[in-house]
2 protein chains.
Amino acid sequence: MSHFLKTHIRELIQLTDDEFEIVQSLFTKKKFRKRQFLVQEHQPVTEIYLIEKGILKSSTIDSTGKEHILQFAAPHWWISDFAAFFKQEFSSVAVDCIEDSEVYAISYENLNILCSKLPVMERFFRIKSNFGYVALQQRILSLMSKTAKERYEDFLKQYPGFIEHLPKQLIASYLGVSRETLSRLYS
Amino acid sequence: MSHFLKTHIRELIQLTDDEFEIVQSLFTKKKFRKRQFLVQEHQPVTEIYLIEKGILKSSTIDSTGKEHILQFAAPHWWISDFAAFFKQEFSSVAVDCIEDSEVYAISYENLNILCSKLPVMERFFRIKSNFGYVALQQRILSLMSKTAKERYEDFLKQYPGFIEHLPKQLIASYLGVSRETLSRLYS
């Protein structure tokens, strides 16, 4: 029985061991190496991922070939192209590994089975979806109305402990600034 | 019994008339005039709103006094500072009426009572939260990686039928362009 998965879910809801067996049976453990993709752009998105180990990012490439980073994710975070997953459409962002990673994957079908069998999991995923919404709202307000320095400070608050794990180029891309500007923010 | 509220909820889940009576008892109908605020910045956010009539917006004012628009909302949309509401923190966006509006309001306490009494409402709000997430993800990708013309096209797709109801200044603010740039996009 996965101690990690159980701890993660029990942070928000109560489950008996029998109920947790159902949960666990619907997840698949997967390992990915640095630079491997979990979701590629313009493909069906069949799963969402809970991270046990590693660091991942979701990003999009614009028409000039430039990468824009939507989010980073570390252990206990969820990642995917949630928009495409929930709408069962092709992805508009890619998800790949910044480090070797281990995740728990659940498919669209299994998510629906899980919520039907255990309605309390609706609550779990409602709360998680609300948290995801909160993170995106902060990101939009940051992008729309803040200076590069304020965006950098928001980044440090939102991703405590991440900074030493991320290449500076990726942080610059997340903030929407050049490497040179980022160096000035560091100092 | 509110036909509007019942129709809105039954689009996603099934409820008996008795169950719907519980739902309705936990909502409050409210009317607001053009320019009135439902949520003000830096205040507690006690309710979320389902719009029956009118058009509203959520926005933030930056340190230079410039308004940035997070979203517009019309009948059958929900609006609030959801981030502040779910985290029970002070608001970072304001919500006000672009036209005279009528809404169904539900408080944080009543939302929790509702989901406890009728677990199927967890499903309703999970799906709604997912939709909200999808809209924000599209907004971020638009802000990060698209040209003004592409953002304008995204706006038309996301808000069909809105354009004739919105002052051009607000559309320009939503897109993050000047009035002059917006005029060029129209033509």
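Bear in mind these aren't lab numbers, they're just calculated from the coordinates by the rules spelled out. These numbers were taken from a predicted model, which means no experiment stands behind them. Counting neighbours? That spans all protein chains shown, and the Cβs are built from the backbone with ideal geometry, glycine included.
Mark the label point 7 Å from the Cα of A:Gln158 along Cα→Cβ and return the residues of region B:127-162 whose backbone N is within less than 14 Å of it.
B:136-145
Taking R0 as 45 Å, what's the FRET efficiency between A:Asn110 and A:Thr64 from their Cβ-Cβ distance, rounded to 0.05? Don't jump to the answer; show the numbers that get you there.
Numbers: r = 38 Å, r/R0 = 0.85.
After rounding to 0.05, the efficiency reads 0.70.
Any idea what log10 I(q)/I(0) is at q = 0.11, 0.15 Å⁻¹ for the protein assembly as shown, Debye with uniform C-alpha scatterers and no solvent?
The computed values of log10 I(q)/I(0) come out as -0.83, -1.51.
Extension gain A:Glu21-A:Lys87, at 0.36 nm per residue separation less the Cα-Cα distance, in nm?
Once the chain is fully extended between A:Glu21 and A:Lys87, it gains 21.0 nm.
Provide the gained length on full extension for the span B:Thr46 to B:Ala148, in nm with one decimal, where the gain is 0.36 nm per separating residue minus the Cα-Cα distance.
Gain on extension, B:Thr46 to B:Ala148, equals 33.2 nm.
Regarding chain B, what is the average projected area of its C-alpha convex hull, in nm²?
11.0
If you take the square roots of the eigenvalues of the alpha-carbon gyration tensor of region A:146-187 and sort them as a ≥ b ≥ c, do you get rounded (a/c under 1.5), prolate (a/b over b/c) or oblate?
oblate
Identify all lysines with a Cα-Cα distance to B:Lys168 below 22 Å; exclude those on the same chain that are fewer than 8 residues away in sequence.
Cα-Cα hits under 22 Å: B:Lys34, B:Lys53, B:Lys57, B:Lys66, B:Lys146, B:Lys149, B:Lys157.
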